[in-house]
Amino acid sequence: MSTMNRFEKSSATKDSLLVKSLVLIFSLIFFGVFLLLPLLAVFFEALHKGWEYYVNAVTEPDNWSAIQLTLLAAGISVPLNLVFGVAASWAITKFDFRGKQLLITLIDLPFSVSPVVAGLIFVLVFGAQGWFGSWLSDNDIKIIFAVPGIVLATIFVTFPFVARELIPLMEAQGRDEEEAAIVLGASGWQTFRYVTLPNIKWGLLYGVILCNARAMGEFGAVSVVSGHIRGYTNTIPLQVEILYNEYNYVAAFAVASLLALLALVTLAAKSYVEWQQKTELNAAPVIEGIL
């Protein structure tokens, strides 16, 4: 009976050439229509009036301000989430404590909350009529409709990316190497630097790449807290929307092409990290065999 089941399972995976061809053709058509064609359209619309017009559109003061603000928000939120992600992953995977499952659930919270709702939460807390609105106004501190609100919203939506990449990786690696290092007299920092960090470096880089891509492309939460003040609180996605609504299509696509380039760079970096991870995993058994 078991032999027959194995045969049936094996034969069930042997599709005909026609089926394989149809699946491949359907996949290529889907990829071309829904992914490749829109990407090519963005660059075509951005460049069809010439390179000089493209450069002028990107460097126009309001557009350039949006680019700088996007880089600033990502430059603040990604390092903070990097530190938090490493610390949270270390605590969850290397220690046992009460509330561990609650912490994991809270880390996943931004995945289940709409970005628009996240933006409204910050308005409720820091807005003029919010919980701390009166105190912030009395002390001349502006968060909503200002750069701090955009940074806070970006941090919230990118909160889980680094931690969720590291937690499964560090759980799979276990605690044996860290415990051995501590027994041999290493301090906590030395253990992290020379034992843990080399083991998680590619997963860490992978999480940072995804975190940065989401930070620079975020629209919903940032749109709520920004106020859409041109030249001050508009990020790249918000500026693209404004330009498109004003029928300035070429400038809109020129600015949008920067996000498309970011997507391509992210994809290339992601592929490189995955290749490096596979290379190290394939090399590990060989090294172990030699030792």
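Structure above, values below:
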{"quantity": "Which numbered condition residue 250 misses (of (1) at pLDDT below 85; (2) of a type in the set (A, V, I, L, M); (3) more than 24 Å from residue 210 (Cα to Cα))", "calculated": "(1)"}
{"quantity": "Residue match in segment 175-189 (condition: within 20 Å of residue 162 (Cα to Cα) and in contact with a helix residue (DSSP H, G or I) (Cβ under 7 Å, 6 or more places away or on another chain))", "calculated": "yes"}
{"quantity": "Tabulated pairs, segment 116-144, first over 12 Å from residue 224 (Cα atoms), second among the aliphatic types (A, V, I, L, M) and in a loop (DSSP other than H, G, I, E, B), C-beta under 7 angstrom, 6+ apart or interchain", "calculated": "126/143; 126/144; 136/143; 137/128"}
{"quantity": "Test: residue in segment 149-170 that is surrounded by fewer than 18 Cβ atoms within 10 Å (Cβ to Cβ) and not in a helix (DSSP H, G or I)", "calculated": "no"}
{"quantity": "Residue 280 of a type in the set (Asp, Glu), in a helix (DSSP H, G or I) and either at pLDDT 90 or above or over 23 Å from the mean Cα position of the chain (by Cα) (or both)", "calculated": "yes"}
{"quantity": "Search result, residues across segment 56-69 that are part of a helix (DSSP H, G or I) and either in contact (Cβ under 8 Å) with a residue 24 or more places away in the chain or within 19 Å of residue 205 (Cα to Cα) (or both)", "calculated": "57, 58, 61, 62, 63, 65, 66, 67, 69"}
{"quantity": "Test result for residue 121, surrounded by 12 or more Cβ atoms within 10 Å (Cβ to Cβ), more than 22 Å from residue 178 (Cα to Cα) and β-branched (Val, Ile, Thr)", "calculated": "yes"}
{"quantity": "Verdict on residue 262 being within 17 Å of residue 157 (Cβ to Cβ), of a type outside the set (Ser, Thr, Tyr), modelled with pLDDT under 90 and in a helix (DSSP H, G or I)", "calculated": "yes"}
{"quantity": "Sole residue being out of contact with any Leu (no Cβ under 9 Å at 6 or more places or on another chain), at pLDDT 90 or above, surrounded by 11 or more Cβ atoms within 10 Å (Cβ to Cβ) and part of a helix (DSSP H, G or I), chosen from 22, 72, 36", "calculated": "72"}
{"quantity": "Candidates 131, 135, filtered to the one that is touching a helix residue (DSSP H, G or I) at 6+ places or on another chain (Cβ under 7 Å), more than 22 Å from residue 232 (Cβ to Cβ) and among the hydrophobic types (A, V, I, L, M, F, W, C)", "calculated": "131"}
{"quantity": "Single match in 194, 206 (criterion: hydroxyl-bearing (Ser, Thr, Tyr), surrounded by 21 or more Cβ atoms within 10 Å (Cβ to Cβ), in a helix (DSSP H, G or I) and touching a residue at least 12 places away in the same chain (Cβ under 8 Å))", "calculated": "206"}
{"quantity": "All positions within segment 211-225 that are closer than 13 Å to residue 72 by Cβ and either among the small types (Gly, Ala, Ser) or in contact with a strand residue (DSSP E or B) (Cβ under 6 Å, 6 or more places away or on another chain) (or both)", "calculated": "215"}
{"quantity": "Any hit, segment 230-241, residues being in contact with a helix residue (DSSP H, G or I) (Cβ under 7 Å, 6 or more places away or on another chain), within 23 Å of residue 119 (Cα to Cα), free of Cβ contacts under 8 Å to residues at least 60 places away in the same chain and crowded, with 23+ Cβ neighbours inside 10 Å", "calculated": "yes"}
{"quantity": "Condition broken by residue 274, with the remaining ones in (1) exposed (fewer than 14 other Cβ atoms within 10 Å of the Cβ); (2) in contact (Cβ under 8 Å) with a residue 40 or more places away in the chain; (3) within 20 Å of residue 68 (Cα to Cα) satisfied", "calculated": "(3)"}
{"quantity": "Residues of segment 86-118 that turn out to be assigned to a helix (DSSP H, G or I) and within 21 Å of residue 162 (Cα to Cα), as a count", "calculated": "23"}
{"quantity": "Residue within segment 111-122 that is over 17 Å from the mean Cα position of the chain (by Cα), at pLDDT 90 or above and farther than 23 Å from residue 66 by Cβ present", "calculated": "yes"}
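The values are calculated or read from the model by the stated rules, or taken from the named source; none is laboratory data. Model, not experiment: these values are computed from the prediction. Note: ideal-geometry Cβ built from the backbone for every residue, glycine included; neighbour counts use all protein chains shown.
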